[in-house]
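S.K.: Before anything else, here's the structure in question.
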Amino acid sequence: MSIKFCANLSFMFVENCENIILQYKAARRAGFRGVECGFPSGHTLAEIVAVKNETGLQQVLLNICKGKIKI
């Protein structure tokens, strides 16, 4: 059995912390195949879906506050 890791964008690639789109791209360049993030903001859902599809990354986990944050 192999262990698989995903990039946690809440803690990794923080040099791009103001732009989650750049964090997705940095995770892909670093060789990750999956990402997780908490409370994405500053971009529309369509923009986040587009970069996820562009990079081919699997969204493993997405933490959001139900009904309080619009992405």
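Values in this text are rule-based calculations from the coordinates and carry no lab data. In this text the structure is predicted, and so the values were computed from the model without any measurement. Using ideal geometry, Cβ is built from the backbone for each residue, glycine included, and neighbour counts are taken over all protein chains shown.
S.K.: Taking only DSSP H segments of four or more residues, each worth -39500 (n - 2.57), what value at 222 nm results for the chain once the sum is divided by all its residues, to the nearest 500 deg cm²/dmol?
M.R.: -9000 deg cm²/dmol
S.K.: Rank these for me by crowding, LEU57, LEU22, going from fewest to most other beta carbons within 10 Å.
M.R.: Numbers: LEU57 19, LEU22 15.
Going from least to most buried by this count: LEU22, LEU57.
S.K.: Shifting gears a bit: Treating only the Cβ of Lys, Arg, Asp and Glu as charged (+1, +1, -1, -1), what charge dipole size does the chain show about its Cα centre? Round to the nearest 20 debye.
M.R.: The dipole of the chain has a size of about 200 debye.
S.K.: So I have (1) 12.3; (2) 11.8; (3) 15.0, and one of them is Kirkwood radius over Cα pairs in Å calculated from this model. Which one is it?
M.R.: Here the calculated entry is (1).
S.K.: To continue, here is another question. Starting from the 7 Å offset along Cα-to-Cβ, what nm value, one decimal, do you get for the label separation of MET1 and SER41?
M.R.: Once both label points are built, they end up 3.8 nm from each other.
S.K.: Using a 7 Å offset from Cα along Cα-Cβ at LYS52, what residues in the stretch 6-35 end up with backbone N under 17 Å from the label point?
M.R.: Only 6-10, 20-28, 32-35 fall inside the zone, counting backbone N under 17 Å.
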